[in-house]
């Protein structure tokens, strides 16, 4: 068991009432950690608290409604957390998958997507990290990103932008923590693959064969944290790691090879992309 993942230690998880957040909470409680779950809907939090408390495990489960896009809500969450004791795990997992049209339409939706997915992470880190650093306790900060924040597929530009921002912010965070003398905190970027969560269930009523469950992602996350990974790049049942790596490498090549933007989806590069993916 890693130094932060000990019985009696505390984990704060936003977006903790369902999906990957709840699945991770379940594993941490089984390891003996106390939990503070935050989510937008109090009813969902109450149900999650009851479900977790009924399972085996010694960890205390507390809940607090929180809109991570609101700085005041996040500050109240911080106060609730530290009133219980030090925080050893901060998992910034709250997010939304809002559909946005073209890059020049529906400014409100674009702002809302960034306020939740990107500013939510920034708000939480600004609220929690000073006290976590001052306490000197071993700990982790886990920010949930997305493969869409790396490959930027067409269709939902605001979501892609928000997750690209989370990736960049978390990289900066990890570097900054390394510069802190005697720092016992590390930052990590969770990059789920195709995962069947409530966000997907709104559109697909049954879990597709190609998707991982939230429980699989939580298990993979803790395994890779124990190994010290910064980029926790999750596969799924249809996309092995090798395929992800090649797709990401092609995207980077748009810059180094001076191709068109998002050339993977440009008909002029169809054959070149196909040959690249089939190559060694």
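The values are calculated or read from the model by the stated rules, or taken from the named source; none is laboratory data. Everything numeric here is computed off the predicted structure, so don't read it as measured data. Cβ: placed from backbone, ideal geometry, glycine included. Neighbour counts: every protein chain shown.
Overview of results
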read-out	value
Residue 262, sole failed condition from (1) under 21 Å from residue 157 (Cα atoms); (2) under 15 Å from the mean Cα position of the chain (by Cα)	(2)
Selected residue [out of contact with any strand residue (DSSP E or B) (no Cβ under 9 Å at 6 or more places or on another chain) and modelled with pLDDT under 95] from 155, 165, 135	155
Total residues in segment 30-51, condition farther than 16 Å from residue 12 by Cβ and touching a strand residue (DSSP E or B) at 6+ places or on another chain (Cβ under 8 Å)	3
Matching residues in segment 18-46 - criterion: being touching a residue at least 40 places away in the same chain (Cβ under 8 Å) and more than 18 Å from residue 84 (Cβ to Cβ)	18, 19, 20, 21, 22, 23, 24, 26, 27, 40
Filter result (in contact (Cβ under 8 Å) with a residue 24 or more places away in the chain, more than 22 Å from residue 127 (Cβ to Cβ) and surrounded by fewer than 18 Cβ atoms within 10 Å (Cβ to Cβ)) within segment 52-70	55, 56, 58
Hey, residue 271 free of Cβ contacts under 8 Å to residues at least 60 places away in the same chain, within 16 Å of residue 23 (Cα to Cα) and either in contact with a helix residue (DSSP H, G or I) (Cβ under 6 Å, 6 or more places away or on another chain) or not in a loop (DSSP other than H, G, I, E, B) (or both) or not	no
Complete set of residues in segment 23-51 that are surrounded by fewer than 15 Cβ atoms within 10 Å (Cβ to Cβ) and either touching a helix residue (DSSP H, G or I) at 6+ places or on another chain (Cβ under 9 Å) or closer than 14 Å to residue 5 by Cβ (or both)	30, 51
